[in-house]
Amino acid sequence: MRLMSRKSRSRKKNEVKKDSSESSNHSEYQGYREETKKWLLDNNLKVWDVVQLTTKDGVKLEAIILPRSELAIDGVLTVKLPTGYNTGIRIKSIENVKKLGRSEGRYAVPKTSVRPDPNLPKIPVLGCGGTIASRLDYRTGGVIPAITPDELFSLFPEVAEVANVQPRLLFDLFSESMTFQHYRIILQEIESELQDESVKGIVLTHGTDTMSYTAAAVSFAIDNLSVPIVLTGSQRSSDRPSSDAFYNFMGAVQVAARADLAEVVVVMHEESSDSRMAIHRGVRVRKMHTSRRTAFQSISTLPLGNVDLDGTINWNDELLVGTIKRRSSSRQDEMTFHPVFEDKTTMLYFHPNQDPEILDFLVDKGYKGIVLLGTGLGHVNSQRFLPSIERAIEEGVVLVMTSQCIHGFIGMTVYETGRDLLKAGVIPGGSMLPEVAFVKLAHGLARYAEDTKMVRDYMLQNVRGEHLDREIFSVVR
């Protein structure tokens, strides 16, 4: 073993001290540089100082100096106002500043001691990460995974009045990092929880970007589900004043505990206010906006219903209600789990000037199922693609056609290009959403051991309400 000399140890110790000092110095001025950092130093101020600012316009305000994103523009001070909102103030507009004290920021969520009520419905909450379980990262200006389901429960102790919530963390990641292996783990954990007959429903907290994929995966992998499984998340992190996390989480727990429902659903804001949350069928929902709180919509149909803040659940019209699968008292004898998905499944988005060699590449790489996102009624350039499509099908690859359009049905018999694809063996996807068809195909390939006839029949079958008999025109816009 090589020993470090006293001189080397001393030098190393000094380096550690230097690193520690630099880290401390960085955190005291986190995100500030050049002009703004010099202004802070000149005024003997640091991040988390409470100050009284007077602007050149004569406006006085009390605020806390916040850390800020390293990517933000220089010359602006980020502060938190007494209202709880954050704002930016140009330092050139500040006439005078006075330090009043300090309010050190803490990211730890205080634990709330809530005694579970055994008389309330038992609802496991399985945490899968996402914005609902995140806080703002001032280094980047984005959000980072930070809050466990237990901490989330501490933030929202009101749920103790609705259910006996049992929070548990499965993953701490953003939803774009989800894989089929994560789906398998989620399903195994759900199966384990439902061994307990006292469990009345399950809530999954999840990132919104791929929530609809996970909802579809859970839907297809469980036969004869007897209780509701509710996915929820938030568009804005739980530590922001405008967060939708509380209402979505509360709505999800209420649906899991009280709804006469035995399906996989997504519960998210129905309107921009906080008045009610929509209950979307897990195989007919899509995130339709990058940041709005009302991002989730049921496509070409209505949500199954909604839940008010007081827990009242309102179902949609009688025609729709007749299609809802209700709770069952018989659980273990009927419910079966199939947590299997074929990894060699993908989607291919058709576009003008596309070379069919990309399809050949996927076949050569051993892909077993491909969902095609065609134009309009389900078209690709059949003159160029048909030989590659015929080759893929001859080699046992299952091809399913969906549409790039948001609404409508596949209609491959209308034009010659579609009829050529049907003749070659491409499976029409009907009204299935492309991402739902992708998950269903991956599940079907694994479940039916690549028996292409069984997989084809499965894809054409309406298993969980993924195929519509008709569109509800009032929602097609």
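The values are calculated or read from the model by the stated rules, or taken from the named source; none is laboratory data. A quick note: this is a predicted structure, and the numbers were derived from the prediction, not measured. Glycine gets a Cβ as well: all are built from the backbone with ideal geometry, and neighbour counts include every protein chain shown.
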Residues satisfying the stated conditions in segment 415-447, i.e. modelled with pLDDT of 95 or more and assigned to a loop (DSSP other than H, G, I, E, B): 425, 426, 429, 430, 431, 432, 433
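So that you can scan it fast, the table gives a plain yes or no per residue for (1) part of a strand (DSSP E or B); (2) touching a Gly at 6+ places or on another chain (Cβ under 9 Å); (3) among the charged types (D, E, K, R):
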| residue | (1), (2), (3) |
| --- | --- |
| 203 | yes, no, no |
| 209 | no, yes, yes |
| 213 | no, no, no |
| 216 | no, yes, no |
| 220 | no, yes, no |
| 226 | no, no, no |
| 231 | yes, yes, no |
| 235 | no, no, no |
Set 244, 260, 239, 274: member being modelled with pLDDT of 90 or more and charged (D, E, K, R): 260
Single residue of segment 23-74 satisfying the filter (surrounded by 15 or more Cβ atoms within 10 Å (Cβ to Cβ) and at positive phi) that is modelled with the highest pLDDT: 48
Residues of segment 448-467 satisfying the condition of being assigned to a loop (DSSP other than H, G, I, E, B) and touching a His at 6+ places or on another chain (Cβ under 9 Å): 461
Selection within segment 355-369 - without any contact (Cβ under 8 Å) to a residue 40 or more places away in the chain, surrounded by 15 or more Cβ atoms within 10 Å (Cβ to Cβ) and within 31 Å of the chain's Cα centre (by Cα): 359, 362, 363, 367
Criterion (within 19 Å of residue 456 (Cβ to Cβ), among the β-branched types (Val, Ile, Thr) and more than 30 Å from the chain's Cα centre (by Cα)) met by exactly one of 410, 393: 393
For residue 348: the one exception among (1) under 25 Å from residue 452 (Cα atoms); (2) more than 23 Å from the chain's Cα centre (by Cα); (3) hydrophobic (A, V, I, L, M, F, W, C): (2)
